[in-house]
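The values are calculated or read from the model by the stated rules, or taken from the named source; none is laboratory data. Everything numeric here is computed off the predicted structure, so don't read it as measured data. When we count neighbours, we look across all protein chains shown, and the Cβ atoms used for this are built from the backbone with ideal geometry, even at glycine.
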């Protein structure tokens with residue numbers, strides 16, 4: 001049995017305040033009543049008690065909340081980090097804070113940042129066999145020069161490679177969540193699991209964090 005950490009929500013409020021982001025600044029709903037819609041918008045499907053990110057099913061509500069799938073409105077003038085300030089202007093990413101910015105909104109995980117930059121697609125309209133296969137997971141179609149992950153696509157190969165790395169981390173965190181939700185959340189955030197006394201960096205545990 002894993003120990004559920006003291007909510008991501010409290011930590012998120014502190015982080016938002018430090019970066020000049022309003023604590024109630026979520027721009028989009030997280031929960032819907034249709035799992036098909038949840039796949040399209042990276043939301044939590046209430047009837048099935050299941051979340052989706054890039055069409056990947058997530059059973060841990062805690063991990064889903066850590067992934068923080070939708071953008072937050074920000075107060076640009078109060079953002080203190082210079083890298084974040086530049087990222088706001090360029091739809092860029094701040095590695096130090098593991099935060100990306102798209103259209104002036106802040107995204108709290110690499111995977112959701114890259115998905116926010118991607119296009120939403122309708123798998124039912126895709127005729128290319130390779131592209132259609134990729135809607136069931138992730139992949140790059142060399143013929144059509146497009147990368148697809150579930151209901152999302154990107155045309156730039158470098159951007160797709162970054163999305164693929166974030167997707168791999170997502171899969172690893174989902175798998176870890178079946179044994180320890182705290183570790184799974186720490187994998188996404190470069191955080192700390194109090195249950196196992198492990199610090200994570202880039203999805204992998206580093207030396208124990210100490211007594």
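The table that follows gives values for the structure above.
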{"quantity": "Matching residues in region 100-156 - criterion: being exposed (fewer than 13 other Cβ atoms within 10 Å of the Cβ) and in a helix (DSSP H, G or I)", "calculated": "124, 125, 129"}
{"quantity": "Members of region 195-209 that are assigned to a loop (DSSP other than H, G, I, E, B) and out of contact with any strand residue (DSSP E or B) (no Cβ under 9 Å at 6 or more places or on another chain)", "calculated": "195, 202, 203"}
{"quantity": "Every pair of residues 6+ apart whose Cβ atoms lie under 8 Å, when the first sits in region 67-83 and is at negative phi and surrounded by 14 or more Cβ atoms within 10 Å (Cβ to Cβ) while the second is in a helix (DSSP H, G or I) and at pLDDT below 90", "calculated": "72/16"}
{"quantity": "Qualifying residue in region 186-194 (condition: closer than 28 Å to residue 119 by Cα and out of contact with any strand residue (DSSP E or B) (no Cβ under 9 Å at 6 or more places or on another chain))", "calculated": "no"}
{"quantity": "Given (1) under 17 Å from the mean Cα position of the chain (by Cα); (2) at pLDDT 90 or above, index of the condition residue 97 fails", "calculated": "(2)"}
{"quantity": "Matching residues, region 94-126, being free of Cβ contacts under 8 Å to residues at least 24 places away in the same chain and touching a helix residue (DSSP H, G or I) at 6+ places or on another chain (Cβ under 6 Å)", "calculated": "94, 100, 126"}
{"quantity": "Test: residue in region 46-53 that is modelled with pLDDT of 95 or more, buried (at least 19 other Cβ atoms within 10 Å of the Cβ) and touching a strand residue (DSSP E or B) at 6+ places or on another chain (Cβ under 8 Å)", "calculated": "yes"}
{"quantity": "Verdict on residue 185 being touching a helix residue (DSSP H, G or I) at 6+ places or on another chain (Cβ under 8 Å), crowded, with 16+ Cβ neighbours inside 10 Å and free of Cβ contacts under 8 Å to residues at least 24 places away in the same chain", "calculated": "no"}
